[in-house]
Amino acid sequence: MSPTSVTSPPDARYSRTVTWTIAIATLAILFDGYDLVVYGTILPILMDDSSQLGSISAGQAGMLGSYALIGVMVGALVNGAVGDYLGRRRLMLVNIVWFSAGMGLAAMSTSVEMFAAMRFFTGIGIGGLLATTAALVAECVPAAKKNLYNAIVYSGVPAGGILASVLAIAFRDAIGWRGLFWIGALPVVILLPLALVKLPESPRWLVSRGRLDDAARVHATTGMPMPTEADLAHERQIEKVGFAALATRRYAPGTALLGIMSFVGLMLTYGLTTWLPKIMQDAGYNAKGSLLFLVVLNGGAVLGTLIASRFADRRGPQRVVATTFGLAAIALILFTMGFPIAVLLALVAVAGTGTIGTQVLIYGFVSNYYATSARAAGVAWCAGFGRLGGIFGPIIGGAIVSAGLSNSITFYIFAGVAVLGAAVTLFVPQARSRDRGAATAGAPMMGVPATA
């Protein structure tokens, strides 16, 4: 069956496909966010009770927080190298299993060394999901709402952080840190079967690999639009596939700056989520009160990102990302002013939008910056290189705590990093040629008349 024989499916079928795709992708990313924050919730236990894994200093705690991020970098880059060749659906399924296995093995750790190794192993699956999910979403949703849908999916990161914080507050004393990690292994039980049945492959990717009959079958089954002739014309201008395309004159300058943006965004995200509970506990808040700050940080990220994404769809993501970086800098500086608790919590929510939320918007920016043949590689580059910033974030926080410096110094340093991120964002050039992102429902499909 050739694409020219396919008629336009009902809009309802495409809407159901988008709904299932977004739901599965969001759940996958939610557990990624859970992993991001759950380490910060158990850090005080591991540092205060050497019977758990052994004695852990502040410097070692920062390194343990970074091992997962090193794994994320490796996983993102590996998946980026193969994702534009092997497809979105296949790699998502593999990484759901990989991530779940890593969380379960981490729960069974008996030493610092084993825990560190399992955090690295888990990170590989997380990196694969981050790199693959953005590409799938960009190719499956209507173009007019691509930033909104991306924000919904990647709001799973802060939502997972809220889940980790709430579960830690409610159940940490009852089930211990190992129980919290076992919860993180649930995707293989509840998400994998759903993804096997409901998650489609991207017709856009299938066409880019020359699998026209397969693309037509997915189109007929799911209602997902085929690429338009204009999309294909853009694709033909990209002669290289995967990472090779990122080094071309068309993409190299933007790729470098987008990588720096992601580096900054993840340095802020991981630095704050790892050390905020400890900093607030040292400032006099009890254990549950310090975890409340994580809930507010991630809650602010969810709400703020959804609002910001609507502006990104209307005005483009570049200025919106620069603005949210600026909000992070302002909030972090105001942390040091000694405001009452109500004002402080509001500032934490703003900081959530400017740190975690900014990184969500960056993924949307990046996933729609590249053509289909380079999309997974572009997202993987930003997720992978960005993880270097995520690695340094916890280490910087650990170094400041170990040196006995004031908490204000931590916030000033991170505020300066946010200002740098805003400046870099404004210099990202427009891609001189790229596809139109996701196909728009009702657009003329390859070989299909608009009136079909």
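What follows is calculated from the coordinates using simple rules that are stated; it is not laboratory data. In this text the structure is predicted, and so the values were computed from the model without any measurement. Backbone-built Cβ (ideal geometry, glycine too); neighbour counts: all protein chains shown.
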In the neighbourhood of ILE70 defined by beta carbon distances under 10 Å, the net charge of the other residues (Lys, Arg +1; Asp, Glu -1) is +2
In whole Hz, the Karplus estimates of ³J(HN,Hα) for region 389-405 (6.51, -1.76, 1.60; θ = phi - 60°; x where Gly or Pro) are x, x, 5, 6, x, x, 5, 4, x, x, 5, 5, 5, 5, 7, x, 6
The ³J(HN,Hα) series, computed from each phi in region 147-155 with the Karplus coefficients 6.51, -1.76 and 1.60 at θ = phi - 60°, rounded to the nearest Hz and given as x for glycine or proline, is 6, 5, 5, 4, 5, 4, 5, 7, 5
In nm, the gap between the two label points placed 7 Å beyond Cα toward Cβ at MET337 and LYS198 is 4.5 nm
To the nearest 20 debye, region 9-426 has a Cα-centred charge dipole, built from +1 on Lys and Arg Cβ and -1 on Asp and Glu Cβ, of 780 debye
Per the helix-only model, the chain has a calculated mean residue ellipticity at 222 nm (DSSP H runs of ≥4, -39500 (n - 2.57) each, divided over all residues, rounded to the nearest 500) of -26000 deg cm²/dmol
Region 9-426: relative contact order from alpha carbon pairs under 8 Å, six or more residues apart, as a whole percent, is 27 percent
For region 86-205 the translational diffusion coefficient, Stokes-Einstein from a Kirkwood Rh over Cα pairs at 37 °C and viscosity 0.692 mPa s, in µm²/s, is roughly 210 µm²/s
Here region 206-221 yields Karplus 3J(HN,Hα) values (6.51, -1.76, 1.60; θ = phi - 60°; whole Hz; Gly and Pro given as x) of 4, 5, 5, 9, x, 8, 5, 5, 4, 4, 5, 5, 4, 4, 5, 7
In degrees rounded to 10, the 0-90 angle between helix 58-86 Cα long axis and the longest Cα principal axis of the chain is 10 degrees
Rg from C-alpha atoms of the chain, normalised by the globular rule of thumb 2.2 N^0.38 Å, equals 0.96
